[in-house]
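A quick write-up on the structure given underneath.
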Amino acid sequence: MKAEKIIELENIVKIYKLGKIEVAALKGITLTISRGEFVAIMGPSGSGKSTLMNIIGCLDTPTSGNYYLHGQLVSDLSDDKLAHIRNREIGFVFQTFNLLPRYTSLENIALPLVYAGIRKKEREARALAMLELVDLLEWKDHRPNELSGGQRQKIAIARALINSPSIIIADEPTGNLDSESAKDVMQLFQKIHAQGNTILLVTHNEEIALYAKRLIRIKDGQILSDLSVEKTKLHQE
């Protein structure tokens, strides 16, 4: 049985205008990602990888080209439908965690459910289940300033998972972490992937990228290579 295509990009171009100057951040990206894949997108600063993630996450629109999400042409979707996708279909994890300082771990994780109109009792039950998944149940009443960087990122990951999104997008999720915490967080992503989640990881770090199953390298807005991590490792040996 063929894996379902979740993301299909056809010749995606993104041009930014800076005064009279035009800068091409993406120069014709064509890419397909299937359900259940764990894909790392790797490239140096300025390569276009974050622009690509913003387009995939429906946070930005391409200048030209087609983007199909679950078979739907994204440019045809209404603003309400796009907002629904960002809230329910895609779970975002950022380098800076983006936790609310006055909220406890439990409250931070449950926040997307507040926006979704879920009742308090169910919100708490689902947030507790997420805390258990990330092994931080005993930290449920702690606020972000009482947690380590690694723990904060795990809370952010739990929050990204709370709506059972079809895609997790992680943009430099280990960028603010020490090597031990980074390893811990990446092992959590592997655990989440093993449960059937589709994960897109953006990183400039080779060591972090190799936790994925597929590695796409981009430079100057173009795909340089698209290989399984196993083949990438063989090339390095």
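Some notes on this structure:
- When each of 230, 172 is scored by the number of other beta-carbon atoms lying within 10 Å, the sequence from fewest to most is 230, 172.
- The listed peptides 18-30, 143-155, ordered by packing as a protection proxy, come out as 143-155, 18-30 (highest mean of other Cβ atoms within 10 Å first).
- Bridgeable aspartates and glutamates around residue 17 (alpha carbons under 17 Å apart, same-chain partners fewer than 8 residues away excluded): 60, 220.
- The residues packed around residue 190, meaning those with a beta-carbon under 12 Å from its beta-carbon, carry a net charge of +2 if Lys and Arg are +1 and Asp and Glu are -1.
- Shape metrics for segment 99-237, restricted to C-alpha atoms - Rg then Dmax, Å: 16.5, 53
- The lysines within cross-link reach of residue 121, meaning a Cα-to-Cα straight distance under 29 Å and a gap of 8 or more places when in the same chain, are 81, 140, 154, 191.
- CD proxy at 222 nm, helix term only [per DSSP H run n ≥ 4: -39500 (n - 2.57); per residue of the chain; nearest 500]: -10000 deg cm²/dmol
- Simple label model, 7 Å out from Cα along Cβ direction - residue 22 to residue 132, nm: 5.5 nm
- Assuming charge only on the beta carbon of Lys and Arg (+1) and of Asp and Glu (-1), the dipole of the chain about its Cα centre is about 360 debye to the nearest 20.
- A Cβ-based charge dipole, computed about the Cα centre of segment 114-164 with Lys and Arg at +1 and Asp and Glu at -1, lands at about 280 debye.
- For the chain, the longest principal axis of the alpha carbon atoms and the long axis of helix 149-161 meet at an angle near 80°.
- Highest-first packing order for the peptide set 189-198, 160-169, 122-131 is 160-169, 122-131, 189-198, based on the mean count of other beta carbon atoms within 10 Å.
- Summary value for the chain: 28 percent relative contact order, contacts being C-alpha pairs under 8 angstrom separated by 6+ residues.
- Order of 220, 80 - criterion: other Cβ atoms within 10 Å of each residue's Cβ, fewest first: 80, 220
None of the figures in this text is laboratory data; all of them are computed from the coordinates on show. On a predicted model such as this, the values are computed, not experimentally measured, just so you know. Every residue, glycine among them, receives a Cβ derived from its backbone with ideal geometry; neighbour counts consider all protein chains shown.
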